[in-house]
Structure formats: C-alpha cells, structure tokens
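Below: the structure, in structure tokens.
The values are calculated or read from the model by the stated rules, or taken from the named source; none is laboratory data. Please read these numbers as outputs of a predicted model, since none were measured by experiment. Cβ: placed from backbone, ideal geometry, glycine included. Neighbour counts: every protein chain shown. Accessible surface is based on the protein model in full, side chains and every heavy atom, while ligands, DNA and RNA are left aside. Shrake-Rupley method; radii C 1.70, N 1.55, O 1.52, S 1.80 Å.
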Amino acid sequence: MRTKFSVVWIVTCCFVSVLVLAGQPDNPNSGSWSGVIINSNCSADEAFAEAAKCTQKDLPAAKLALYDDTIRQVYILDPQDQSTGHLGDSVTVTGTLEGNTLHVASLKPHTSIGLAIGQKAPAFLARDQFGQVQSLDTLKGPNGTVLLFFRSADW
C-alpha cells in the first residue's frame, strides 16, 4: 500500500512539474526593445539630451548600442552587423537580454510614427494625467477626437 502511494505521489509531482514548466517561456529574458541606435561612448543622459556625439561615426573603441528613452537605458548590441548603417535610426530589436547586452535576433527600422491621415485609431485603454482610465470612446467628442502623446523630456 505504501509503495502504491509513493508511486502515485511521484507521478503526480512529475505531472504538476511538467504543467508548470510548459507555461514558462523558453527564455524569460527574450523580447523586443525599441529605441535609437547610438554609439557606446554616449551615456544615457547624453542620449536623452540627443547630444551630437551619440551619433558620431567612426569612433575607435565605440560599439553600436540601443538607447531606450522610455527607461533611459543603453544596451550594447551583439552581434554588431545587423545594426551597422543604422546609427541614429529608430528601431525595434528582438532578441535576448543578458546583463546590459542585447543579443540581436532581428532588427527592424521604424518607417513611420503614428497613424496615417484618415487611418482609424485602434481601441485602447490608458490612464490619463489624473489617473482616470480613458479609451477612444470616452475621449470621443462631437467633432471627432484629437490625441496628443508626449514624453516628459519634450516639456
């Protein structure tokens, strides 16, 4: 009886472990990051201020890096070849993060920002400056809707 209970317990634990592991991503550090390609001689503060030195070409020891201005973080890109020729460009990088190095699986330049004229805005929910949840419907006025998004550095 005790042996039967032990076998059932082991099988149950294995089954639960498989279910838990099945729901885990392959690499918890994988994802996508958006920002501007800069050289690694530029600090996050300099990149935030859009200093000219951040997009200066042909610096001897500089590597290409991604600056994410939403969190003011600089990531070294590895390998460098996909980002070559994109210095100063806004891009989205897909890959894995290890420390402050982004291991690049793909790099896609941003071709446009915002909606094209006449294009319908997608449904969304976001908190406004007062903490109230807003949607496209709650903001709609009698003559249409104008949405303005800005980052704090623009002020």
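Annotations for the structure displayed:
- Selected residue (criterion: modelled with the lowest pLDDT) from residues of region 12-48 that are open to solvent by 70 Å² or more (accessible area, probe 1.4 Å) and under 20 Å from the mean Cα position of the chain (by Cα): GLN24
- Residue in region 134-152 that is within 22 Å of GLY31 (Cα to Cα) and part of a loop (DSSP other than H, G, I, E, B) present: no
- Any hit, region 94-102, residues being farther than 18 Å from CYS54 by Cα, β-branched (Val, Ile, Thr) and in contact (Cβ under 8 Å) with a residue 40 or more places away in the chain: yes
- So GLY118, is it touching a residue at least 24 places away in the same chain (Cβ under 8 Å), assigned to a loop (DSSP other than H, G, I, E, B) and at positive phi: no
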